[in-house]
1. Yes or no: segment 180-200 includes at least one residue that is in contact with a strand residue (DSSP E or B) (Cβ under 8 Å, 6 or more places away or on another chain), more than 30 Å from residue 260 (Cα to Cα) and either in the same structural domain as residue 360 (by TED's automatic domain parsing) or at pLDDT 95 or above (or both).
2. Output the residues belonging to segment 364-399 that are touching a strand residue (DSSP E or B) at 6+ places or on another chain (Cβ under 9 Å) and part of a helix (DSSP H, G or I).
3. Identify, from the list 408, 415, the residue that is within 19 Å of residue 372 (Cα to Cα) and at pLDDT 95 or above.
4. Scan segment 437-458 and tell me whether some residue there is in contact with a strand residue (DSSP E or B) (Cβ under 7 Å, 6 or more places away or on another chain), farther than 24 Å from residue 372 by Cα and outside any loop (DSSP other than H, G, I, E, B).
5. Can residue 421 be described as in a helix (DSSP H, G or I) and not assigned by TED's automatic domain parsing to the domain that holds residue 579?
6. Just need a number here: residues in segment 218-231 that are within 32 Å of the chain's Cα centre (by Cα), crowded, with 17+ Cβ neighbours inside 10 Å and either without any contact (Cβ under 8 Å) to a residue 60 or more places away in the chain or within 19 Å of residue 144 (Cα to Cα) (or both).
7. With the condition kept exactly as written, say whether any residue in segment 18-37 is in the same structural domain as residue 234 (by TED's automatic domain parsing), outside any helix (DSSP H, G or I), touching a residue at least 12 places away in the same chain (Cβ under 8 Å) and closer than 19 Å to residue 151 by Cβ.
8. With the checklist (1) in contact (Cβ under 8 Å) with a residue 24 or more places away in the chain; (2) closer than 29 Å to residue 411 by Cβ in hand, flag the one item residue 496 doesn't pass.
């Protein structure tokens, strides 16, 4: 049954419905939206603190401006839940039966009030500046508004966008939502100026935004709807670039979230119920990573862990950071800088270990290629969550293999077990010849129980785990274990004793081993937990292209699936043992 709370939200089906409401009603609406978000996100999981902190500002924006004629661009868009509730999509937040209907990010296919499908940070000002330029070219008059958080200002594109927006010489309104917090604590010199501006109620002579040329306005209470409406009305229809610096509280309305902003940036279902996590205390690859780095910097003072503002997902917990001291660096939401920073450290004798999510490593392609690989500096990059998942289209983690493995001089490794991962880490941090990336295994920790004694300085040597004939299965990283299941099913169903190969290296092929398979095998299959186009399997297929060897490549299609259940994707891509064996049988 739909949850209408006090009833004001029930009357809102579009932003037009706000415009006749009193401020008392708007404040009641804010309370309802906040309580609805709390209830819904505690059930489904999702971005919590960012949405709670932007409720009043979103109401004021839609009260003053005329969306979708006036265009609002949300940076990252993980603070768009109130916006969605006010633009015809409230049932996805009030009706449990429809909780999963809409994505947690802006999506133009859902509503004319959304202008971009987006989930990466520091982009809103650039996108809004483009909208404004097109408006000017077409003789339009609408307002263009970019909403960006203070944490997002640490990303390079934010600076580029602000620099360009400031000289647009026409209407663009940038709203900086300053809650003194990124995902973790803000990092960087800019935040000293933001603090100074907050402390002086926006009146300090030293003002970053004014230095760029913006008409600057400060509002201390970003939760006061009446004052927000007054200020937004003042700058509406301006004929020059305007910047509003708005102070808010991340996680407002939930004491836990206000006190522990990092933990409540994004929450799992049931996080507010104080139930212990079922995974509490379990071994994980992020914990293994943190423990390894801790031991390593205690032995070697040149070791440093680096995060581009996402420490939680890479094992760099608050406790780890506190203990690491100078052996930890958060560079802000700046993946490009993080890679170049790591390259510089490596060049000058340091041993950097950069932890980064697969969906964000793509933001640093040029730095991987030019600043790091071209210079062959021995930095270690740990790529987390690289796998086919049921994620939102903005956070897909299937594209890192083609991206990284085709850069010259890079060594990209894919461990299948805990022992291999730790051995690769040890080798990578200490070697001085190559930039090395390691695709951290995704999912639960799998242990072989045997020490890995591989010499990874001998590049591109695959390991035959089990010798067979007729069919060779090359299972990369996460999918080595899928390969083992396929091998067992082949024996059971077709009586084939297949060869099982753990390649370990993504960036090169073992030509000697592949050549040797020709004498006793009819078919080679490759399994990779990522997109096929430009990926690992194609390297194998290209090697056998002029021979009589048949090759089947299994992996993901080149597409942007959006919250598609993993089981459905596995069926679509023929990534179950049964479907793989069927394809093998048909091929043979």
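1. No: zero hits.
2. 364, 368, 372, 395
3. 408
4. No: segment 437-458 contains no residue that is in contact with a strand residue (DSSP E or B) (Cβ under 7 Å, 6 or more places away or on another chain), farther than 24 Å from residue 372 by Cα and outside any loop (DSSP other than H, G, I, E, B).
5. So residue 421 fits the description; yes.
6. Looking only at that region, the number is 3.
7. The answer is no, given that none of the residues of segment 18-37 is in the same structural domain as residue 234 (by TED's automatic domain parsing), outside any helix (DSSP H, G or I), touching a residue at least 12 places away in the same chain (Cβ under 8 Å) and closer than 19 Å to residue 151 by Cβ.
8. (2)
The values are calculated or read from the model by the stated rules, or taken from the named source; none is laboratory data. Note that the structure is a prediction, hence the values are computed from the model and not measured. Glycine also receives a Cβ, built like all others from the backbone with ideal geometry; neighbour counts cover every protein chain displayed.
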